Every structure is written in structure tokens, then in C-alpha cells.
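Here's the structure we're looking at; comments come further down.
The values are calculated or read from the model by the stated rules, or taken from the named source; none is laboratory data. Since this is a predicted model, take the numbers as computed values, not measurements. Because the Cβ atoms are built from the backbone with ideal geometry, glycine has one as well, and the counts that use them run over all protein chains shown. In case anyone asks, the SASA skips ligands and DNA or RNA and just uses the protein heavy atoms, side chains included. Shrake-Rupley method; radii C 1.70, N 1.55, O 1.52, S 1.80 Å.
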Amino acid sequence: MLYNAVVFLPLLGSVIAGLFGRLIGDRASQIVTCVLLGVSAALAVPIFINVALHHHDVTVPLMGWIHSGDLDIRWSVRFDTLTAVMTVVVTWVSFVVHVYSIGYMAHDKSIPRFMSFLSLFTFAMMALVTADNLVQLFFGWEGVGLASYLLIGFWYDRPAACAAAIKAFVVNRIGDFGFALGIFATYVLFGSVSFQTIFAAVPAKADAVMHVFGGDWHALTVICLLLFMGAMGKSAQIGLHTWLPDAMEGPTPVSALIHAATMVTAGVFMVARMSPLFEYSSTALTVVTVIGAVTAFFAATVACVQTDIKKVIAYSTCSQLGYMFCAIGVSAYPAAIFHLFTHAFFKALLFLAAGSVIHAMSDEQDIRRMGGIWRHVKATWMLMWIGCLALAGIPPFAGHYSKDAILSSAWASHTAVGQFAFVMGVAAAFLTAFYSWRMLILVFHGKPRADEHVMAHVHESPMVMILPMLVLGLGSIFAGWLGTPDFVGAGEAAFWGKALLILPNHGALVGRTGVPAWVEMAPLVVALSGVVLAYVFYSFVPSLPGKLATVARGPYLFLVNKWYFDALYDRLFVRPAFRLGRSLWLGGDGAVIDTVGPDGVAAAARDIARRVAAWQSGYLYHYAFAMLVGVAVFVSWYVFNVR
């Protein structure tokens, strides 16, 4: 009952708020969803203790689901260490976001609908992380996609929000198509979609080949690359990342829940869950490493020039997800999940603190129109500092421990792609510190750049918003220190058990303890250098950024236009699709189908009716003449045809 409740209580809250919200009112909808999420979060703690710390894996069968021929899929709730960690992250972050939303969305017209969507998303994410087979995981995978579409486009009266929701949905469908093909290929190779059956059979299928696109390919490589395509879409890796910054059009609590701590980490979780397959495909691991490393660097460069406070943090999320895939690519799965765990706290904190700033600044999001507000919002200012210190990897904050584990493991892999990931990761660490302090300085320090009316109304957020941030702040401080021994330290093997598979010849995580001292110090040194450079640019010599943008106009525009990915996709896909659609509409539907079909028939009917109506003159002698002509025709026919 305990294990079922932690999954289905959020669904119950979603149903109550969604179906009966108008009846019970805004406050009751908030209370119901928050209480049920709070109970779910509370239950996640004993589950974590029993499963992860006491090593008691649990699988609870619920019901038969799909029966077709040899395919027999049952819905079961699976809890191992990986699931237990994700359960704590999902439920607790979701709970604090629910509570924060009480204050942030206080004046919205559709509070029950918003709370229902939040709880629906949480249920879908729980269905994903507790899946016992690939089809069940895909159900949760598509569920979070649906919920994100609803939440990003929550303010449906805003065209930008609607466009962002559609973009997120479409881009994720591209990745999901590859994911679905990967599930099909897995069933073809293993004859099952059950994790237990698949993982047990992997060693015997290590050298199997699959006939694809007219050739024979390593079967596990094909499957892993298709599965990773799905992870690229959901976790916003380079190429399929374009939806994530646009998704900031949704309410800020949505950004914190979906695009920082939970949904975007679904791809990382899925690849870690499928580690027994990825471990037998060096090609797939190489691809994962390269994509993750490039994403970490790319997103960090773009974040340095963003002016929307939420988009700075959004690109930061994209970059940190790249770090996680770097770790996975060098088989340091525990380090990837450790960074997922710590990142959930400090990134959700940063988003909620950004929401508090926006709330204080009368809905202003442009950091160029802020500044000098720290005295008015001291709690938010302090918590934003904690989040940035953790993000930049400054000890003793949480991000330092997990980021250090990733970069050390990349170096210790002693492979070319591992060294590449290390270099790109260190460069991204420098940029991360730079854009974090750029944001801090421009938002809180210096002279006020907002107009007097806005500055006169700057105020701290209510306690219902501050308290959730305090919880996340504590996690941002202590999660790394507390989690290191079990996640990536001496107790790593016992802690993870069979939840993650690392082959003996993939020793990056173990070897990271023997890396040179300069490898361990490099991330911290470059991070501090990034902080110093940010102070030089935006505090000591504030004219420098403008001069640099003028001198290096080309690189600056390259970054401002986000490496031109959106422009490239617009030219290659969007515009041709519109041209094709318009030609089919005008040339096919309009000129052919409508002309011959509905429009043609309607036009002919109108023409005949018009001609017949012309006979209806209203004069009696016209009608009498017509009757005489008719009688004459009938008599003539009778005389000549009836003998």
C-alpha cells in the first residue's frame, strides 16, 4: 500500500482539483493537491530508507495491462535504489513547488486547473520512474510530455505561450519517435519489454546483429542510439534543445518543476536505467559523451548573453544536463545520478528565486531593467546566492561534489572522448560561474535601472513562497556533502546494488580517486576565475561588455542568436513545411477538391437554382403560357408514341 500510494496520491489530487475545482473553490483545490503531494513526499522517505539504505528492492504487481499474442505486459511498481532516489527528488521538489504556487499564482483566474496540471505531471513522472517495463515507462514518458504541453501553454490567451507549448510538443515528438523505435527494436531482439528479462539476456545478445537500412549493424548499438534519441529530446540535448528556452513562457513554478528538476532529467534516468544495454555498446557511449560535452559548452556560452532571467537559468539547465550525459558516456552512472540529485535542489531554488524577483519587480524579467534591489528582497537575494554558489560548484555547496565527480571520472576514463568531455566540462564550469554572477550582479547590485514606479513597489515575497525556497536552499547546501559517501564514495557499490551496471573494464568512477591534484582543482580555479571576470565586467568596469560586443560583433551575434539553431531549423523545416502546406491548401484542397467537390457542387446548385428562379416572373400570363406549352408537349408525345 505504501508503494502504491506514493505513485497514485498525486493522481487523486489532480482528479479532485480538475473535476471538482469549481465546486470546492481555489483554496480547497490548493489544500487538497498540496496535502496529497505532501503525504507522497513523506512516504518517499521511508521508501528511500528501506530500498536504498537497507537494500530491499520491491516490485508490486498491480494489474494485467496488455495481452496480445506472446506479448503480456503487466503494470507493476518497481522500486530499486535508482527509483528510490528519483522518488525523493520528484515528490519533494513537486511538493515545495505546489506550496510556492499558492503565493505565486494567488491572483490567477484558473487556480484549480493549474494545481490539477501540476499534480498530473507529478503522477506521470512517478509512473515513469517506477516503471517495470519499457511500455510502462513510455506511458509515463508521454504523460509528462502531455502535462508539460498543458503547463507551458497554461496562459493560453498569450500567443507566445501557445507557440512555446506547440514547439515543446513537436520537438519532443521527434525524440519520442526514436524512443518508440528503440522499444520496438528491443522487443524484436529480446522478445520482451520487461527490464528483468532484457537485462538478464543482454550478455548473450552482446554480439547480435540487426538488419537495418539494408545492412547488418550491432543490435545493441542500434537500440541504444534510438533510445538515446528519445533522451536527447526530453533532456534538451543539442539538436533537440530548442524547446527548452521557449518553455519559459509558462508560469515560473512550471519552469522550476518541469524544466529544472524532473521532466528534463527523465532522459538521464532512462539511459541510466538501461545501463546494462549501453555498457555493451562503446559506440553508443561515445555518442552520449560527445553530445553531452558539446551541450554543456554550447548552452553555457548562450547563457552568457541572455537578458531574460528565466532563460539564463533555462540554458544553465541545458548545460548541466550535458554534464550528466558526459558522466553516463564514461560509465560513471552514479556520478550522473548524483548530479541529477543535487541539481534538482539548486536549480529549482534558482527558478523559484527568479520567480520571487519577477514577483517583486512587477512581472519584469529583463535583467537589464533591474539592479539595486537586494536591500528590498534580502531573503530572495540570500537564497539566489546559495543557488548560484551551488551551480558554480563552489565548495561546500552541493554542486561542487557532484560536478567534481563527473569531471574527475571523465579524466579517469583515459579515453579520447573522456578527455574531450573533461576539457569541455572545465570550460563550461568557467562560463557557468561567469553567467551566474553576471545574473546576480545585474539583478541585485549596482544602481537601479528600473523606473521609479517599479522601484517604489519592490517588495519581498510572502512566506508561502519563501519557505519552499528555504527547503531547497538547505538541500543546495547539504545534499552534496551528505550524498557523496553513498552516491560516489566508499559505499557506492553497496548503495546502488544491481540498479546500475558498470562492466569491470569501465573503471572511470573508481579511478577518479587517483587523478592528479590539478585535475581536482581545475573546476574550482576556473569557477573562481569566472566569478572575478563577472565582477570586472559588470561591477568594476561596466562599460566593458558593450565595448566587447561592438568589437567582437560576429561572435556576439552568434551567441545572441543561440548558434542560429532556431534560424537554421526555420529555414530547413518550418518554412518548407509552411510552403508545402500552403500549396496543398490552395492548389490541392482549394483548386481541386473544393472546386470539384463541395464548392463545385454548391456552385452548380446555385446556378441551376438561379436559372429556375428566373422563370418565376410573377406574371399570370407567363405561367398560363408555360402550362399550354407543357400540355402541347405531352399531347404531341402521346400522339406519336401511343399506337
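Taking segment 521-542, which residues are out of contact with any helix residue (DSSP H, G or I) (no Cβ under 8 Å at 6 or more places or on another chain) and in contact (Cβ under 8 Å) with a residue 60 or more places away in the chain? Talk me through it step by step, then tell me what you get.
Kept after step one, since they are out of contact with any helix residue (DSSP H, G or I) (no Cβ under 8 Å at 6 or more places or on another chain), are these residues of segment 521-542: 521, 525, 532, 540-542.
If the condition is that a residue be out of contact with any helix residue (DSSP H, G or I) (no Cβ under 8 Å at 6 or more places or on another chain) and in contact (Cβ under 8 Å) with a residue 60 or more places away in the chain, then PRO542 is the only one that fits.
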The number of residues in segment 118-157 that are surrounded by fewer than 22 Cβ atoms within 10 Å (Cβ to Cβ), farther than 28 Å from ASP566 by Cβ and of a type outside the set (Phe, Trp, Tyr) is 2
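For a quick check of your reading: which helices (runs of 4 or more DSSP H) sit entirely within segment 408-526 and have at least 3 residues that are closer than 23 Å to VAL271 by Cα?
416-444, 463-487, 492-496, 508-511
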Within segment 286-301, residues surrounded by 24 or more Cβ atoms within 10 Å (Cβ to Cβ) and within 22 Å of LEU220 (Cβ to Cβ) come out as VAL288, THR289, GLY292
Open item on the list: Quick check on LEU580: is it open to solvent by 50 Å² or more (accessible area, probe 1.4 Å), at pLDDT 75 or above, under 30 Å from TRP243 (Cα atoms) and of a type outside the set (D, E, K, R)?
Closed with: yes
task: Can you confirm whether segment 250-268 contains a residue that is open to solvent by 10 Å² or more (accessible area, probe 1.4 Å) and in a helix (DSSP H, G or I)?
output: no
Selection over segment 400-422 where residues are more than 15 Å from THR286 (Cα to Cα) and under 26 Å from the mean Cα position of the chain (by Cα) yields a count of 8
Next item on the list: Say whether the condition of being open to solvent by less than 60 Å² (accessible area, probe 1.4 Å), touching a residue at least 40 places away in the same chain (Cβ under 8 Å) and under 30 Å from MET370 (Cα atoms) is met by at least one residue in segment 566-575.
Entry: yes
> Does ARG78 fit the bill of being among the basic types (Lys, Arg), in contact (Cβ under 8 Å) with a residue 12 or more places away in the chain, crowded, with 16+ Cβ neighbours inside 10 Å and at negative phi?
Replying inline: yes
(request) Check whether at least one residue in segment 433-445 is open to solvent by less than 50 Å² (accessible area, probe 1.4 Å) and within 21 Å of GLU520 (Cα to Cα), and report yes or no. (result) yes
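Select from segment 96-117 the residues that are in contact with an Asp or Glu (Cβ under 8 Å, 6 or more places away or on another chain) and either open to solvent by less than 10 Å² (accessible area, probe 1.4 Å) or of a type in the set (A, V, I, L, M) (or both) and list them in ascending order. Working first, answer last.
Start the filter on segment 96-117 by keeping residues that are in contact with an Asp or Glu (Cβ under 8 Å, 6 or more places away or on another chain), which leaves 111-112, 114.
ILE111, PHE114, listed by residue number.
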Of those in segment 155-169 that are in contact (Cβ under 8 Å) with a residue 40 or more places away in the chain and out of contact with any helix residue (DSSP H, G or I) (no Cβ under 6 Å at 6 or more places or on another chain), the residue farthest from ALA231 (Cα to Cα) is ARG158
Condition set surrounded by 24 or more Cβ atoms within 10 Å (Cβ to Cβ) and among the aromatic types (Phe, Trp, Tyr), scope segment 339-378, selection farthest from LEU482 (Cα to Cα): answer is PHE351
